[in-house]
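A.B. asks: The structure that follows is given in the form of structure tokens.
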Amino acid sequence: MSPLFRNAPAGWRTIRLKDTVTACRNGLWGDDPDGSTENLICVRVVDFDRLKLRVSLENPTLRLIPRSQRHGRILSAGDLLLEKSGGGDAQPVGMVVLYQQHAQAVCSNFIARMPVATGYDPRYLCYLHAALYTLGVTRRFMNQTTGIQNLDSAAYLAESVKVPELNQQRRLTHWLDGKLDLLDSLICARERQADLLFEKRDAIVSRAIVRGLEPSVSLRQTGISSMPEIPFRWQMTRLKYVRSGCLLYGSSEPASTENQGVRLIRITDIDDNGTLRKASPQSLEPDLAKPYRLRDGDLLLARSGATVGKAIRYRADWGPACFASYLIRVRPDQRKIHPDFLRYYTQSRAFRQEVRLAAVQATIANVSAERYANFPVPLPPLEEQCRIVEFLDGTMAALQTAAGTMRRQIDVFREYRRALIVTAVTRGCCGVADALSEGVCAG
């Protein structure tokens, strides 16, 4: 018996997970839909609502599933769905969710259908599997040979657990539902507040970069859709006229994880706030990095993929660094433009509109160095740029602090939510009160 249930109430019985279901059958992917009556909804892992532990069919996928292959695979409300393949380091395979829909559907070949056995509450079992997932039990039955994680479902379902009788399962589920609904409402409120902070930040940056700081100022037409008016004393220029040297593509040399060379900045190293992530750094040998070494104030622009237009301003106190091939370096001419004014420009609505207009759709969105070079840039006098940067630095720092507080609160609520589920299904409702007093579920 797993030590996870050592504090379970005395009346709970020991079973194996496989005793709670009548089957564990893989789904199928079928063929491309053809508009016939043979098409069915196919639930995929991306349809898993991992917070609510349910299937969401907001964007259902249709597949051609021959009738001859449907036996035992049509989902029923109350079925459990086990993620058998997929996952990653941050989100390992093994999540279980509940199918509560009444639409006729199957699940994909990365998922197994598990009808619930008599004597067990499906929602309770979903909470039980969520607790085991949180505690890392599924990791013991995971293997990875081809870049995709696979769960040994037979070994996982042989795991021993303790469960109460059916009426207690239902009461515990009802109690958990109420507590989690309250937590979810708090999480939703904090997320909305964080969104409002981002919208405020976006509005302040976008106005300051195009209009300046004066509440009323004479404007002139520019003829440019992304910024139709700017102050009279400002100029309109293009990125290529405020850069020093050419716009440079990054290195395509293979990187090392040994971290003994020069830090290599990749698109994935840039977070949503335009700062450098510290996790999983890679590097290049000094000789290979030399043509791509960055100077303080250099701006890096993502040129392809979903992150096209993302930007970061390199700072010397990050240490020596170079940049990878899917980034473009812009070195500002600091006699004309303040590096941080240019950085804030890349965070404005005007810049994002230019990215949308310039993106070339092939297999992925792409903005070349030549296209970036022709982006229009508003250019106040240098001393006014400095005032704008100083104002935005102070304002953004305050908003960033508030947003950070919101994110930490959300993280605490989510951690408390996970701890509540774990404690409830391993110790019962009374055990939750005990755990709270012991600090196990403290949030």
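A.B. asks: Return the pairs, sorted by first residue and then second, in which the second residue is of a type in the set (Asp, Glu), the first residue lies in region 79-95 and is more than 15 Å from LEU17 (Cα to Cα), the beta carbons are less than 8 Å apart, and the residues are 6+ apart or on different chains.
C.D. replies: Partner pairs satisfying both residue conditions: VAL93/GLU83.
A.B. asks: Taking only region 69-90 into account, find how many residues are modelled with pLDDT of 90 or more and surrounded by fewer than 11 Cβ atoms within 10 Å (Cβ to Cβ). Can you show your working first?
C.D. replies: Filtering region 69-90 down to residues modelled with pLDDT of 90 or more leaves 69-85.
Add one more test, that the residue is surrounded by fewer than 11 Cβ atoms within 10 Å (Cβ to Cβ), and what stays is 71-72.
Number of matching residues: 2.
A.B. asks: Against the definition (within 16 Å of CYS246 (Cα to Cα), under 23 Å from the mean Cα position of the chain (by Cα), of a type outside the set (A, V, I, L, M) and in the same structural domain as VAL242 (by TED's automatic domain parsing)), how does ARG303 come out, yes or no?
C.D. replies: Working: within 16 Å of CYS246 (Cα to Cα): yes; under 23 Å from the mean Cα position of the chain (by Cα): yes; of a type outside the set (A, V, I, L, M): yes; in the same structural domain as VAL242 (by TED's automatic domain parsing): yes.
Considered against the rule, which asks whether it is within 16 Å of CYS246 (Cα to Cα), under 23 Å from the mean Cα position of the chain (by Cα), of a type outside the set (A, V, I, L, M) and in the same structural domain as VAL242 (by TED's automatic domain parsing), ARG303 comes out as yes.
A.B. asks: Limited to region 348-391, what total is found for residues that are at pLDDT 95 or above and part of a loop (DSSP other than H, G, I, E, B)?
C.D. replies: Adding up the residues that qualify gives 5.
A.B. asks: Next up: Please indicate, with yes or no, whether at least one residue in region 167-174 is closer than 21 Å to ARG123 by Cα, modelled with pLDDT of 95 or more and in a loop (DSSP other than H, G, I, E, B).
C.D. replies: No, every residue in region 167-174 fails to be closer than 21 Å to ARG123 by Cα, modelled with pLDDT of 95 or more and in a loop (DSSP other than H, G, I, E, B).
A.B. asks: Confirm whether GLY250 is among the small types (Gly, Ala, Ser) and either loosely packed, with under 14 Cβ neighbours inside 10 Å or assigned by TED's automatic domain parsing to the domain that holds ARG407 (or both).
C.D. replies: On the way: among the small types (Gly, Ala, Ser): yes; either loosely packed, with under 14 Cβ neighbours inside 10 Å or assigned by TED's automatic domain parsing to the domain that holds ARG407 (or both): no.
So GLY250 fails the test.
A.B. asks: Can you pull out the residues in region 29-68 that are more than 27 Å from the chain's Cα centre (by Cα), outside any strand (DSSP E or B) and surrounded by 13 or more Cβ atoms within 10 Å (Cβ to Cβ)?
C.D. replies: GLY30, PRO33, GLU38, ILE65
A.B. asks: Hey, another quick one. Scan region 232-247 residue by residue and report those that are surrounded by 16 or more Cβ atoms within 10 Å (Cβ to Cβ) and under 15 Å from PRO376 (Cβ atoms). Spell out the reasoning first.
C.D. replies: So in region 232-247, the residues surrounded by 16 or more Cβ atoms within 10 Å (Cβ to Cβ) come out as 234, 239-240, 242-243, 247.
Once the filter is applied, which keeps residues that are surrounded by 16 or more Cβ atoms within 10 Å (Cβ to Cβ) and under 15 Å from PRO376 (Cβ atoms), region 232-247 yields TRP234, LEU239, LYS240, VAL242, ARG243.
A.B. asks: For region 408-423: of the residues being surrounded by 17 or more Cβ atoms within 10 Å (Cβ to Cβ) and over 18 Å from ALA130 (Cβ atoms), which is farthest from the chain's Cα centre (by Cα)?
C.D. replies: The selected residue is GLN409.
A.B. asks: Just checking, which of LYS200, LYS162 is of a type outside the set (A, V, I, L, M, F, W, C) and either assigned by TED's automatic domain parsing to the domain that holds SER85 or touching a Ser or Thr at 6+ places or on another chain (Cβ under 7 Å) (or both)?
C.D. replies: Values: LYS200 fails: either assigned by TED's automatic domain parsing to the domain that holds SER85 or touching a Ser or Thr at 6+ places or on another chain (Cβ under 7 Å) (or both).
Step by step, each of LYS200, LYS162 is checked, and only LYS162 is of a type outside the set (A, V, I, L, M, F, W, C) and either assigned by TED's automatic domain parsing to the domain that holds SER85 or touching a Ser or Thr at 6+ places or on another chain (Cβ under 7 Å) (or both).
A.B. asks: Looking only at residues that are among the β-branched types (Val, Ile, Thr) and touching a residue at least 40 places away in the same chain (Cβ under 8 Å) in region 353-396, which one is farthest from PRO332 (Cα to Cα)? Break it down stepwise before answering.
C.D. replies: Going through region 353-396, the residues among the β-branched types (Val, Ile, Thr) turn out to be 355, 360, 363-364, 367, 377, 388-389, 395.
Now restrict to residues that are touching a residue at least 40 places away in the same chain (Cβ under 8 Å): 355, 364, 367, 377, 388-389, 395.
On the way: VAL355: 19, ILE364: 28, VAL367: 19, VAL377: 12, ILE388: 17, VAL389: 15, THR395: 24 Å.
Filtering first and then ranking leaves ILE364.
A.B. asks: Check THR405, THR401 and return the single one that is of a type in the set (S, T, N, Q), loosely packed, with under 14 Cβ neighbours inside 10 Å and within 23 Å of LEU197 (Cα to Cα).
C.D. replies: On the way: THR405 fails: loosely packed, with under 14 Cβ neighbours inside 10 Å.
None of the others qualify; the one that does is THR401.
A.B. asks: Being more than 30 Å from PHE232 (Cβ to Cβ) and over 26 Å from the mean Cα position of the chain (by Cα): is that true of ASP298 here?
C.D. replies: Working: more than 30 Å from PHE232 (Cβ to Cβ): yes; over 26 Å from the mean Cα position of the chain (by Cα): yes.
Against the criterion (more than 30 Å from PHE232 (Cβ to Cβ) and over 26 Å from the mean Cα position of the chain (by Cα)), ASP298 qualifies.
A.B. asks: Considering (1) modelled with pLDDT of 95 or more; (2) closer than 22 Å to GLU370 by Cα, say which one SER325 fails and leave the rest.
C.D. replies: It fails just one condition, (1).
A.B. asks: With respect to the numbered conditions (1) out of contact with any Asp or Glu (no Cβ under 9 Å at 6 or more places or on another chain); (2) within 13 Å of VAL21 (Cα to Cα), which one is the sole condition not fulfilled by GLY136?
C.D. replies: The one condition GLY136 does not meet is (2).
A.B. asks: Can you tell me which residue is farthest from LEU327 (Cα to Cα) among those in region 259-301 that are among the polar types (S, T, N, Q) and out of contact with any Gly (no Cβ under 6 Å at 6 or more places or on another chain)?
C.D. replies: Looking at residues that are among the polar types (S, T, N, Q) and out of contact with any Gly (no Cβ under 6 Å at 6 or more places or on another chain), I get GLN260.
A.B. asks: Restricting to region 78-120, name every residue that is more than 29 Å from the chain's Cα centre (by Cα), in a loop (DSSP other than H, G, I, E, B) and either among the hydrophobic types (A, V, I, L, M, F, W, C) or outside the structural domain of THR14 (by TED's automatic domain parsing) (or both). Talk me through it step by step, then tell me what you get.
C.D. replies: If we filter region 78-120 for residues that are more than 29 Å from the chain's Cα centre (by Cα), which is where we start, we get 102, 104, 115-120.
Checking which are in a loop (DSSP other than H, G, I, E, B) leaves us with 102, 104, 115, 117-120.
Once the filter is applied, which keeps residues that are more than 29 Å from the chain's Cα centre (by Cα), in a loop (DSSP other than H, G, I, E, B) and either among the hydrophobic types (A, V, I, L, M, F, W, C) or outside the structural domain of THR14 (by TED's automatic domain parsing) (or both), region 78-120 yields only ALA117.
A.B. asks: Can you name every residue in region 256-274 that is part of a strand (DSSP E or B) and surrounded by fewer than 16 Cβ atoms within 10 Å (Cβ to Cβ)?
C.D. replies: The initial filter retains those residues of region 256-274 that are part of a strand (DSSP E or B), namely 256, 262-265, 270.
Scanning region 256-274 gives a single hit, SER256.
A.B. asks: Against the condition modelled with pLDDT of 90 or more and either in the same structural domain as ARG313 (by TED's automatic domain parsing) or in contact with a Pro (Cβ under 6 Å, 6 or more places away or on another chain) (or both), how does GLU258 come out, does it pass?
C.D. replies: On the way: modelled with pLDDT of 90 or more: no; either in the same structural domain as ARG313 (by TED's automatic domain parsing) or in contact with a Pro (Cβ under 6 Å, 6 or more places away or on another chain) (or both): yes.
Here the answer is no, as GLU258 does not meet what is asked.
A.B. asks: Filtering region 214-251 down to residues that are assigned to a loop (DSSP other than H, G, I, E, B) and β-branched (Val, Ile, Thr), which residue is modelled with the lowest pLDDT?
C.D. replies: Looking only at region 214-251, we keep the residues that are assigned to a loop (DSSP other than H, G, I, E, B), and these are 214-218, 222-228, 232-234, 242, 244-247, 250.
Now drop any that are not β-branched (Val, Ile, Thr), which leaves 217, 222, 224, 242.
Numbers: VAL217: 83, THR222: 92, ILE224: 92, VAL242: 97.
Here the residue is VAL217.
A.B. asks: Another one. Got a number for residues in region 275-310 being of a type in the set (A, V, I, L, M, F, W, C), under 23 Å from ARG371 (Cα atoms) and crowded, with 20+ Cβ neighbours inside 10 Å? Before the answer, list the steps.
C.D. replies: Quick first cut of region 275-310, residues of a type in the set (A, V, I, L, M, F, W, C) only: 276, 279, 284, 288-289, 294, 299-302, 306, 308.
Retained after the next criterion (residues that are under 23 Å from ARG371 (Cα atoms)): 294, 299-302, 306, 308.
Retained after the next criterion (residues that are crowded, with 20+ Cβ neighbours inside 10 Å): 294, 299-302, 308.
Count: 6.
A.B. asks: Out of (1) more than 19 Å from ILE312 (Cα to Cα); (2) assigned to a strand (DSSP E or B), the odd one out for ALA203 is which?
C.D. replies: Of everything listed in (1) more than 19 Å from ILE312 (Cα to Cα); (2) assigned to a strand (DSSP E or B), ALA203 misses just condition (2).
The values are calculated or read from the model by the stated rules, or taken from the named source; none is laboratory data. All figures in this text were calculated on a predicted structure; none of them were measured in a lab. FYI the Cβ positions are ideal-geometry reconstructions off the backbone, even for glycines, and counts take in every protein chain you see.
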